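The values are calculated or read from the model by the stated rules, or taken from the named source; none is laboratory data. Computed from a prediction, not measured in an experiment: that's the story for all the values here. Positions of Cβ are backbone-derived with ideal geometry, glycine not excepted, and every protein chain shown enters the neighbour counts.
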Amino acid sequence: MDTREARDPYDEGMRRFDAGDLEGAAQAFERALALDPGFERALYQLGNVRQDQKRWSDAERLFRAALALAPEHAQAHNNLGVALQMLGRTREAEASYTRAAELDPALVHPYLNLGRMLEESGRRAEAIAWLEKGRAHSAEPEAFRHAVDALRGSVAAEHAPDDYVRSTFDGFAAQFDARMASLDYHVPEAVAAAVAQSRRFARASADVLDLGCGTGLCGLALRGIARTLTGVDLSPRMLEHAHARGGYDALVESELVSWMRSSPPACFDVIVASDVLIYVGALEDVFSAAARIARPGALFVFSTEACEGVDWRLQESGRYAQSSEYVRRLAAAHGFAVTLDRAQAIRTPIVGRLYVLVARA
């Protein structure tokens, strides 16, 4: 069958995929493949759909079928690596990430994915070497500086570079929910419970801002009290997943502080940052911007990883930690009263802190 006859359902699949309609996209790609079983792009894109649906075995099968037809498709090798990693086959995943980088050294995700996997498995020196290779060869060298500095213990920047955050979570989006579930991640529920315990908002009464909304886990937990729910995130792929999950009135691709600074003053009743400030060390700008957009009596609810003896620290994981003393000092300086400051399980095995701040009138 001529590929041209399969092009219409393929194009429909791409439109549905871009709109977040994963099952509709899958059905369209399957129609294209029924017309042309050798349509490599349809195999690859159907693999991406199954990956986003966490159907890892199906994704592996489809990426392998696409690679049988186009063995030098670097991104397909990378995505196959993701599926294999999620299936627990880390040696095969390592080979796939390596092959992706060999075929297209300018790609970012094979370096970040394999670097993270090596670091998590305790192969620290190899992780540094691989990330340094990414810094030397990829199209986004700044995406690697932060990770390398963290592993080397170098002097830390005040926040992670936008390129690093965007590339990390674009590459992580398909795995995010499954990985967080495997790490017993319940910060969104803890944030929502803290807001509910404040007893300040009836159902559908609050304008809520979800900073670093990711795939929408926190927004889902907060939808009940929201009159409006706005999500802001740097990663377009994470925002696609938040859109597919639903519940938001607006989703915005932006750096958090710059977006808050450009928003009207006193426009939100609840501002949440669930496991987001781990990519910001110095929090002065975050507090200043949040104070500007908070209405009197608004809640500012967030989690941090914790440290002592310094205001903030960049850890080997590439995540920042802040001390309780630092957070309390910033709260007082920016017109917030601290009503909750307690230990909070972040993810296995990390215990950080959960804060609820109230904007003074």
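Observations on the model:
- Which numbered condition Val280 misses (of (1) surrounded by fewer than 16 Cβ atoms within 10 Å (Cβ to Cβ); (2) within 25 Å of Leu220 (Cβ to Cβ)): (1)
- Each residue in region 314-361 was checked for being farther than 28 Å from Thr168 by Cβ and touching a Gly at 6+ places or on another chain (Cβ under 8 Å), and 4 pass.
- Residue in region 317-339 that is under 30 Å from Ile128 (Cα atoms) and among the aromatic types (Phe, Trp, Tyr) present: yes
- The number of residues in region 293-318 that are surrounded by 15 or more Cβ atoms within 10 Å (Cβ to Cβ) and over 23 Å from Leu222 (Cβ atoms) comes to 9.
- Here region 248-270 is the region considered, the condition is being closer than 28 Å to Ala147 by Cβ and buried (at least 22 other Cβ atoms within 10 Å of the Cβ), and the residue that is nearest to the chain's Cα centre (by Cα) is Leu256.
- Of the numbered criteria (1) in contact (Cβ under 8 Å) with a residue 12 or more places away in the chain; (2) within 16 Å of Pro110 (Cβ to Cβ); (3) assigned to a helix (DSSP H, G or I), the one Ala136 fails is (1).
- Among the residues of region 248-288, the one identified as without any contact (Cβ under 8 Å) to a residue 12 or more places away in the chain and closer than 25 Å to Tyr320 by Cα is Ser258.
- Neighbours by Cβ (under 9 Å, 6+ apart or cross-chain): first from region 46-69, farther than 15 Å from Arg179 by Cβ; second of a type in the set (Ser, Thr, Tyr) and surrounded by fewer than 17 Cβ atoms within 10 Å (Cβ to Cβ): Arg50/Ser57
- Every condition in (1) among the polar types (S, T, N, Q); (2) within 26 Å of Arg245 (Cβ to Cβ); (3) surrounded by fewer than 18 Cβ atoms within 10 Å (Cβ to Cβ) holds for Gln51 except the one numbered (3).
- Restricted to strands (runs of 3 or more DSSP E) entirely inside region 289-359, those with at least 2 residues that are of a type in the set (A, V, I, L, M, F, W, C), free of Cβ contacts under 8 Å to residues at least 24 places away in the same chain and farther than 19 Å from Cys213 by Cβ are 336-347.
- Helices (runs of 4 or more DSSP H) enclosed by region 141-207 - at least 1 residues per element that are under 24 Å from His77 (Cα atoms), modelled with pLDDT under 90 and of a type in the set (A, V, I, L, M, F, W, C): 142-152, 162-182
- So Pro236, is it out of contact with any Leu (no Cβ under 7 Å at 6 or more places or on another chain) and not assigned by TED's automatic domain parsing to the domain that holds Leu283: no
- Matching residues, region 229-247, being assigned to a helix (DSSP H, G or I), of a type in the set (A, V, I, L, M, F, W, C) and surrounded by 18 or more Cβ atoms within 10 Å (Cβ to Cβ): Met238, Leu239, Ala242
- Neighbours by Cβ (under 9 Å, 6+ apart or cross-chain): first from region 17-28, in the same structural domain as Gln53 (by TED's automatic domain parsing); second part of a loop (DSSP other than H, G, I, E, B) and surrounded by fewer than 17 Cβ atoms within 10 Å (Cβ to Cβ): Gly20/Gly246; Leu22/Gln53; Glu23/Gln53; Ala25/Ala19; Ala26/Gln53
- Pair list, Cβ under 6 Å, 6 or more apart: region 182-197 residue assigned by TED's automatic domain parsing to the domain that holds Leu87 and among the hydroxyl-bearing types (Ser, Thr, Tyr), other residue at pLDDT below 95 and surrounded by 14 or more Cβ atoms within 10 Å (Cβ to Cβ): none
- With respect to the stated conditions, Ala290 is surrounded by 24 or more Cβ atoms within 10 Å (Cβ to Cβ), over 15 Å from the mean Cα position of the chain (by Cα) and either outside the structural domain of Arg328 (by TED's automatic domain parsing) or at pLDDT 95 or above (or both).
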